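The values are calculated or read from the model by the stated rules, or taken from the named source; none is laboratory data. Please read these numbers as outputs of a predicted model, since none were measured by experiment. As a convention, Cβ positions derive from the backbone with ideal geometry for all residues, glycine included, and neighbour counts pool all protein chains shown.
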Amino acid sequence: MKKAITLVAGLTLFASCTPKEETKTETNRTMITHDIHSFAEPNKVAIKHIDLDLTVDFEKKVIAGTAILLIENKTGGVS
């Protein structure tokens with residue numbers, strides 16, 4: 001009985017997490033014009049690639065590294 005309940009719960013969770021085809025299509029059509037959580041302007045610039053190099057020191061509890069970004073300027077101005 002417990003296995004049946006677990007199976008039903010798992011399938012319900014899986015089904016609720018899978019987006020519907022209409023949702024995917026609608027999301028693709030929507031253009032982001034304003035990010036209310038930052039000052040980002042995705043209509044002016046876009047990050048095309050991130051090269052992330054991290055080192056983790058577990059004893060000191062420190063993560064250090066570099067990130068190199070390839071940025072596309074969509075306005076046609078000087079980068």
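Structural remarks
Table: residues versus (1) modelled with pLDDT of 90 or more; (2) at negative phi.
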position: 22; (1), (2): no, yes
position: 27; (1), (2): no, yes
position: 31; (1), (2): no, yes
position: 44; (1), (2): no, yes
position: 52; (1), (2): yes, yes
position: 58; (1), (2): yes, yes
position: 61; (1), (2): yes, no
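- Any chance residue 12 is modelled with pLDDT of 85 or more, out of contact with any Cys (no Cβ under 9 Å at 6 or more places or on another chain) and among the β-branched types (Val, Ile, Thr): no
- Selection of first residues in the stretch 38-63 that are closer than 30 Å to residue 77 by Cβ and exposed (fewer than 10 other Cβ atoms within 10 Å of the Cβ) and of second residues that are hydroxyl-bearing (Ser, Thr, Tyr) and modelled with pLDDT of 95 or more, restricted to Cβ pairs under 9 Å at least 6 apart or on distinct chains, gives the following pairs, ordered by first then second residue: 51/66; 52/66; 53/66.
- Hits in the stretch 64-77 - residues which are surrounded by fewer than 10 Cβ atoms within 10 Å (Cβ to Cβ) and either touching a Phe, Trp or Tyr at 6+ places or on another chain (Cβ under 6 Å) or outside any strand (DSSP E or B) (or both): 76, 77
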